[in-house]
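What follows is one structure encoded as structure tokens, with my remarks underneath.
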Amino acid sequence: MDIKQVGRWSFAIGFLISIGSAFIEIIDQRYILSFLFLLGLLVGYFNINHEDIQLFLTGVIFLIVFGIAGIEVSSIFGTEIGNYSRAMLRNFVIFAGASGLVIARKAIFIASGKPKIFEKIFESIKGG
């Protein structure tokens, strides 16, 4: 399996779990949130290349701000719908935030002229 496929599948699975897990109450939310966080890390590590860092971080910032605002505003939908929408937005904020954390770290290394040892580590992880 290509390493890019890991990132693509992680994104698709994370997106679906972010939405679907809001309606499932049989699994403890701590496990779901931890799994979404790990999937977000995988998306950040394997799905975003250097050319897309700025665009991706802009999107992540927008999604997090919108998600947090949406969590606050979702109370106007009433208890039942509001709970589902808050859960979906919370899940997606955690998922997007984890990937943004990885990409922000990459951006800082690039901007600061990362040491060559990190460059070799990243290349060996990505198989390039």
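What to note about this one:
- Boolean, Val93 is within 12 Å of the chain's Cα centre (by Cα), at pLDDT 85 or above and under 21 Å from Leu39 (Cα atoms): yes
- Scanning region 67-87 for residues that are over 15 Å from Ser21 (Cα atoms), small (Gly, Ala, Ser) and over 18 Å from the mean Cα position of the chain (by Cα) yields a total of 3.
- Search result, residues across region 48-71 that are under 16 Å from Phe92 (Cβ atoms) and exposed (fewer than 11 other Cβ atoms within 10 Å of the Cβ): none
- Count - residues of region 8-56 that are of a type in the set (Val, Ile, Thr), in contact (Cβ under 8 Å) with a residue 40 or more places away in the chain and closer than 27 Å to Thr79 by Cα: 3
The values are calculated or read from the model by the stated rules, or taken from the named source; none is laboratory data. Please read these numbers as outputs of a predicted model, since none were measured by experiment. Please note: Cβ atoms are built from the backbone with ideal geometry, for glycine as well, and neighbour counts cover all protein chains shown.
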